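Q: The structure follows.
Laboratory data are not the source of any read-out in this text; all were calculated from the coordinates shown. Predicted model, so just to flag it, every value in this text is computed and none were measured. Neighbour counts are summed over all protein chains in view; Cβ atoms, including those assigned to glycine, are modelled from backbone coordinates with ideal geometry.
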Amino acid sequence: MSEPFIGQITYFPFSRAIVGWLICSGSEFSVNEYPALYSLIGNKYGGDGVKTFRIPNLTGTVPVGIGQVPDGYIQWRLGMAKGEDEVLLDTEFHAPVHDHKVYFAGTPSTTGTATAGSMLASVAPPQFWAAPKNKMNTNLHKSSLGNAYSEKPKAHENRQPYLALTPMIAHQGIYPPFPG
C-alpha cells in the first residue's frame, strides 16, 4: 500500500489498529500526541479543541458525502450525524387506526370452495365462517378482527444490507497538499 494521506479514512477487514492508523471509534486524543491529524480535523468530532480532540466515530454508521441532497431535503455538513438504529412504528404517525371493508358472496357454496368472483363465501355446512342471513356487505363484529399493532409496538432494525469492517484514520503519512 502506498503511503496514505494523514486524515485519510479507509476500511480494513481486520479488527486491530495497524501502525500509523487509529480505529474510528470516536476516541479522544491529546492534540500534542497527533498534531498533524488535529491540524486537519480540529475538534469537528469533539474534544475541547485546546488540549483534546476526537476522531470520527464510524461504529455502526454509514458515511455520506457532504453537500446538498439533489431533492433539496438536507444539506450535509462535515461532521454532521443523523439517523437511528431502530425505528418504532406506531399507529399515530406510521399507520393510523383504520379499517378495511371485506365483501362476502350472498350465495352459499355447496362444494366447500368460494363462489366465483368472491374472496370469501358462506360454505354449507359452515366451516370457518357463516354468512349472516340476508345481509350482504355487512360489517364483521369488532371481536372477529384484531389490531395490526400491539398496545406497546416494538422497534424494528432500520438498516440497509451491511458488512461490518473496521474504519481507520491515518495519523502518519503524507500531509495533504491543499491548493493556494
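Q: When the label point is put 7 Å from the Cα of Ser2 along its Cα-to-beta-carbon vector, which residues of the range 159-180 have a backbone N closer than 18 Å?
A: Under cut-off, by backbone N: 170-179.
Q: Output ³J(HN,Hα) for the range 175-180: one whole-Hz value per residue in order, computed from phi by the Karplus curve 6.51 cos²θ - 1.76 cosθ + 1.60 with θ = phi - 60°, and x for Gly and Pro.
A: 6, x, x, 8, x, x
Q: Using only Cα positions of the range 1-75, each an equal point scatterer, no hydration layer, compute I(q)/I(0) via Debye at q = 0.17, 0.24, 0.27 Å⁻¹ and quote the log10 values to two decimals.
A: -0.77, -1.19, -1.33
Q: Oh, and also: Only counting other Cβ atoms within 10 Å, I'd like Ser15, Ser25, Ser2 sorted with the fewest neighbours first.
A: Working: Ser15 9, Ser25 15, Ser2 5.
Fewest-to-most ranking of Ser15, Ser25, Ser2: Ser2, Ser15, Ser25.
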